[in-house]
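*Asks:* My questions all concern the structure below.
The values are calculated or read from the model by the stated rules, or taken from the named source; none is laboratory data. Everything numeric here is computed off the predicted structure, so don't read it as measured data. FYI the Cβ positions are ideal-geometry reconstructions off the backbone, even for glycines, and counts take in every protein chain you see. Side chains are part of the model used for accessible areas, which takes the heavy atoms of the whole protein and leaves out ligands, DNA and RNA. Shrake-Rupley method; radii C 1.70, N 1.55, O 1.52, S 1.80 Å.
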Amino acid sequence: MIIVYIIILLIGLIVLGCTFHAIFRFGYKKGGADLFSLFAKGAFEQKVNMFRTLINIAKPGGIVFVGDSITQDYPVHELFHGKHVYNRGIGGDQTVGVKSRLYESVYGLKPRLVFLLIGTNDLVNENRLSNHDIAENILSIYKDILEHHIRCKVISILPVNPTMDSYTVSSRTNRDIDAINAEVKNHLNQDFVDISDAFKDKQGNLEKNYSIEGLHLTYQGYKHLTAVLKPYME
């Protein structure tokens, strides 16, 4: 009987493990590990609440980086050493999320300049907006920031590389990303920072040396991004 119980226990553990693995892979496929983590109740709100509290000790006149996990993982304090910078990235965030937290992430800090990099997770939203609507949301955020008399630079959505990890890249395509970037650029001109060519390989994908898995950046990728952005900081 003991052997039977052990077998039943092992089968149960295997089934449980497979279930958790399937859930994780589903979350990963829908938008990456960061988007999956946001499924935990209150995670987004906790991050926004922290930003709201930090306003009380923030020094006005800085430079704010706003976006999703690509921004969240950006070591801006080290790579822009000596600059007055703030990181307001939230892993898994989308344009709607940024629009809802502009006070906590931007206005309350009273910055002189904002770098906005958002949109890639909108492409894997279950209720996915059209490319045009995603571009419109980005432009709406930009206009809101300008109305508060704050300069804003919109960084183009980074290309992806599905050959590295198709689960992470999911349904994102460079064709969609290029279309959104083109529409935003058409409306912004000098306030649009087009980094696409600086990060694409010969096939038009995100350069492998700059990426962890085809979506997020390596340290070398962030160093490269820093070199591209520095001329726009003054």
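*Asks:* Assuming a viscosity of 1.306 mPa s and a temperature of 10 °C, what translational diffusion coefficient in µm² per second does Stokes-Einstein assign to region 111-234, Rh being the Kirkwood radius over Cα pairs? Before the final figure, lay out each step's value.
*Replies:* On the way: Rh = 15.0 Å.
The diffusion coefficient I find is 106 µm²/s.
*Asks:* Tell me the trypsin sites (Lys or Arg not before Pro) within region 46-98 that lie in a loop according to DSSP and have at most 14 other beta-carbon atoms within 10 Å.
*Replies:* Values: sites: Lys47, Arg52, Lys83, Arg88; in loops: Lys83.
Those that pass, being in a loop and sparsely packed, are Lys83.
*Asks:* Right, another one. Taking a probe of 1.4 angstrom, what is the accessible area of Val106 in Å², to the nearest 10?
*Replies:* Spelled out: Val106, probe radius 1.4 Å, area about 0 Å².
*Asks:* Using the basic label-point model (7 angstrom from Cα toward the beta carbon), what is the Ser166 to Ile212 distance in nanometres?
*Replies:* Going by the 7 Å Cα→Cβ label model, 2.2 nm.
*Asks:* Can I ask one more? So how do His77, His216, His149 rank on accessible area, 1.4 Å probe, biggest first, that is with the largest at the start?
*Replies:* Working: His77 105, His216 20, His149 170 Å².
Correct descending sequence by accessible area is His149, His77, His216.
*Asks:* Excluding ligands and nucleic acids, what accessible area in Å² is computed for Glu234 using a 1.4 Å probe, to the nearest 10?
*Replies:* 140 Å²
*Asks:* How far, in nm, would the chain grow between Lys59 and Asn87 when pulled straight, counting 0.36 nm per residue and subtracting the alpha carbon separation?
*Replies:* Details: separation 28, 0.36 × 28 = 10.08 nm, distance 1.34 nm.
8.7 nm is the gain from fully extending Lys59 to Asn87.
*Asks:* When the Karplus curve 6.51 cos²θ - 1.76 cosθ + 1.60 is applied with θ = phi - 60°, which whole-Hz ³J(HN,Hα) does each residue of region 99-111 get, with x for Gly and Pro?
*Replies:* After applying 6.51 cos²θ - 1.76 cosθ + 1.60, I find 4, 7, 10, 5, 5, 5, 9, 10, 4, x, 7, 6, x Hz.
*Asks:* Based on Cβ point charges of +1 for Lys and Arg and -1 for Asp and Glu, what charge dipole magnitude is obtained for region 80-194 about its Cα centre, in debye rounded to the nearest 20? List each step's numbers first, then the result.
*Replies:* Details: 13 positive and 14 negative charges, 106 e Å.
My answer is approximately 500 debye.
*Asks:* Hey, what do the phi angles of region 116-122 turn into as Karplus ³J(HN,Hα) couplings, whole Hz, using 6.51/-1.76/1.60 and θ = phi - 60°, x for Gly and Pro?
*Replies:* Values per residue, Gly and Pro as x: 10, 9, 8, x, 5, 6, 4 Hz.
*Asks:* Would you list Met233, Met164 from the most to the least accessible area, probe 1.4 Å?
*Replies:* Greatest to least solvent exposure: Met164, Met233.
*Asks:* Then there is this: Using modelled amide H (1.01 Å from N, peptide plane; none on Pro or chain starts), what sits under 5 Å from the amide H of Val193, excluding residues fewer than 5 places away?
*Replies:* The list, which skips near neighbours in sequence, is Val154, Ile155, Ser156.
*Asks:* So how exposed is Thr173, as accessible area in Å² (1.4 Å probe, rounded to 10)?
*Replies:* Accessible area, nearest 10 Å²: 60 Å².
*Asks:* Moving to a separate point now. Pairs Lys153/Lys202; Lys99/Lys202; Lys59/Lys208: which are spaced more than 32 Å apart, C-alpha to C-alpha? Each step should come with its number before you reach the end.
*Replies:* Details: Lys153/Lys202 27 Å; Lys99/Lys202 35 Å; Lys59/Lys208 37 Å.
Beyond 32 Å: Lys99/Lys202; Lys59/Lys208.
*Asks:* At a 10 angstrom cut-off on C-beta neighbours, averaged per residue, how do the peptides 193-205, 107-119 rank from highest to lowest?
*Replies:* 107-119, 193-205
*Asks:* Here is a further query. What is the spin-label model distance, in nm, from Asn125 to Lys230 if the labels are put 7 Å beyond Cα along the C-beta direction?
*Replies:* Result: 3.6 nm between the two label points.
*Asks:* Top to bottom by accessible area (1.4 Å), largest first, where do Tyr103, Tyr210, Tyr142 land? The partial results should precede the final answer.
*Replies:* Working: Tyr103 125, Tyr210 55, Tyr142 25 Å².
Correct descending sequence by accessible area is Tyr103, Tyr210, Tyr142.
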